[in-house]
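Take a look at the structure set out below.
Every number here is computed from the coordinates shown, using simple stated rules; none is lab data. Since we're looking at a predicted model, the values are computed, not measured. Using ideal geometry, Cβ is built from the backbone for each residue, glycine included, and neighbour counts are taken over all protein chains shown.
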Amino acid sequence: MRVSLFVTCLADQFWPAAAVSAVELLRGLGCTVGFDERQTCCGQPAFNTGYRREARSLARRLIEIFESSGADAIVSPSGSCTAMLHHYEQLFEDEDWRTRARQLAQRTHELSAFLVNCLGVEDVGAAFSGRLTWHDACHGLRDLGIRNEPRRLLRHVKGAELVELPNAETCCGFGGTFAVKYPEVSVAMLDEKVDAIERAGVDAVVSGDAGCLMQIGGRLSRRGSSVRALHLAEVLASREARGGPHGR
């Protein structure tokens with residue numbers, strides 16, 4: 001299958017290991033992966049803060065770029081940005097653009113959903129020695145309905161033990177600009193999440209969105225915690241059971 005990687009801004013700028021691991025993983029499963037360097041922000045920050053005209057401009061550009069990719073599917077290591085592409089249709093009144101936006105959404109998949117639901121794969125041959133817990137990122141869970149897919153993949157990782165958090169589905173407090181506008185509320189929500197992670201006695205917390213991982217990982221680091229924040233793609237691309245991605 002020909003796949004075009006939608007890298008997302010946060011993965012590109014702050015969590016490149018998620019994108020690199022996603023490419024390694026997809027290639028290992030027989031996909032031909034392309035990456036168009038012209039891609040830019042999907043427009044979600046503008047959309048969420050009411051700047052529809054600016055979001056529409058970014059949406060048009062991304063639609064045109066992925067239309068020219070010739071790929072069977074567009075795959076992203078982010079439920080948040082994937083969900084935004086699924087909302088593109090709301091930005092347009094023109095029927096032609098609405099149709100093009102709808103067709104783009106139909107080809108766009110979050111990584112774990114693509115592996116399980118499109119490729120029919122649950123065991124990717126990964127190995128990771130340690131206890132892992134999963135954080136349900138809000139957009140992946142609530143916008144895209146992704147819940148079981150990442151858990152099914154993690155349960156097949158050799159040497160890993162998946163530990164469920166009692167508040168796995170609770171928001172970590174990031175919410176993009178929400179964390180900037182309401183930092184006190186954001187940190188209070190985050191501390192509840194981090195408390196649960198530390199009580200779980202795990203080696204790493206795993207999620208499918210770089211924003212959540214930056215939020216959770218940053219707080220764990222400031223607390224001096226040994227628990228690491230890892231993207232799902234990093235764990236699934238790991239091939240040696242030494243407690244870290246890529247055997248590190």
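Using the beta-carbon distance between E93 and N48 and R0 = 25 Å, what value does 1/(1 + (r/R0)^6) give for FRET efficiency, to the nearest 0.05?
Working: r = 20 Å, r/R0 = 0.80.
Efficiency, rounded to the nearest 0.05: 0.80.
Would you please put 81-93, 155-167 in order of how densely packed they are, using the mean number of other Cβ atoms within 10 angstrom per residue and starting with the highest? Intermediate results must be reported in sequence, preceding the final value.
Numbers: 81-93: 20.7, 155-167: 15.6.
Per-residue mean Cβ counts within 10 Å order the peptides as 81-93, 155-167.
Per the Kirkwood treatment, what hydrodynamic radius in Å, one decimal, follows for the range 2-117 from the mean inverse distance over all distinct Cα pairs?
On the way: mean 1/r = 0.0703 Å⁻¹.
Across the range 2-117, the inverse of the average 1/r is 14.2 Å.
Quick query: amide H of E161 versus all other amide H atoms, modeled in the peptide plane; which residues come in under 5 Å with a sequence gap of 5 or more or a different chain?
When sequence neighbours closer than 5 places are left aside, the close amide H contacts are G130, R131, L132.
Considering the zone a paramagnetic label at D72 would reach in this model (a point 7 Å from Cα along the Cα-to-Cβ line), which residues of the range 105-120 have amide N under 11 Å from it?
118-120
GNM, the chain, Cα, under 10 Å: largest mean-square fluctuation among V116, V235, V23?
Result for the chain, Cα springs under 10 Å: V116 fluctuates most.
In percent, how large is the relative contact order of the range 122-247, given Cα pairs closer than 8 Å and 6 or more residues apart? Don't skip to the answer; put the middle values down first.
Values: 237 pairs, mean separation 41.7, N = 126.
With pairs under 8 Å counted, the relative contact order is 33 percent.
What does the charge dipole of the chain about its Cα centre add up to, to the nearest 20 debye, if the Cβ of each Lys and Arg holds +1 and the Cβ of each Asp and Glu holds -1?
320
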